[in-house]
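Scroll down for the structure; my scribbles are underneath it.
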Amino acid sequence: MLAIRLARTGAKKKPSYRVVVINKRNARDGKNIEIVGHYNPTRDPIELSLESERINHWLNQGAQASVTVRRLIAYKEKGGPTWKPAAGASTPADAKKAEAVTAEAAASEPSKVLETPPAEDSESPAGS
């Protein structure tokens, strides 16, 4: 079975990727059938080049795109990021950190339970 996925290239701690068509059982950086794009997430804005015609060809032949490649295709089609940053977040990772901090703050605050005093009844069954 064929897969369209990323193959890592680049130096240590400076990743860059090729979008490749490869046999699903091959190693990540193993022998590929065709290179259909390039992705460099370290640049701002990211560098992304995809050969849409070749990707569609391989998808029609039965290749399965990885989740990341599907997101990159959607990113390319929409012309920008598909996530909405939280206040002060510049990347999806920053947005997740901001959400985690907010959740921790909510969990650490004591819950404010509205206590209603018991209603005083003039006739109580205990007095009978």
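Things to note:
- Other residues with beta-carbon under 10 Å from the beta-carbon of residue 64 carry, at +1 per Lys or Arg and -1 per Asp or Glu, a net charge of +3.
- Near residue 32: Cβ cut-off under 11 Å, other residues only, Lys/Arg at +1 and Asp/Glu at -1. The net charge is +2.
- Estimated FRET transfer efficiency (residue 77, residue 1; beta-carbon r; R0 25 Å; 0.05): 0.50
- In Hz, Karplus ³J(HN,Hα) per residue of segment 41-54 (6.51, -1.76, 1.60; θ = phi - 60°; x = Gly, Pro): x, 7, 7, 10, x, 4, 9, 9, 10, 10, 8, 4, 4, 5
- Proximal charge balance of residue 14 [Cβ under 12 Å; K/R count +1, D/E count -1]: +4
A short reminder: the numbers here are calculations on the coordinates, not readings from a lab. What you see is a predicted model; the values in this text were computed from it and never measured. When we count neighbours, we look across all protein chains shown, and the Cβ atoms used for this are built from the backbone with ideal geometry, even at glycine.
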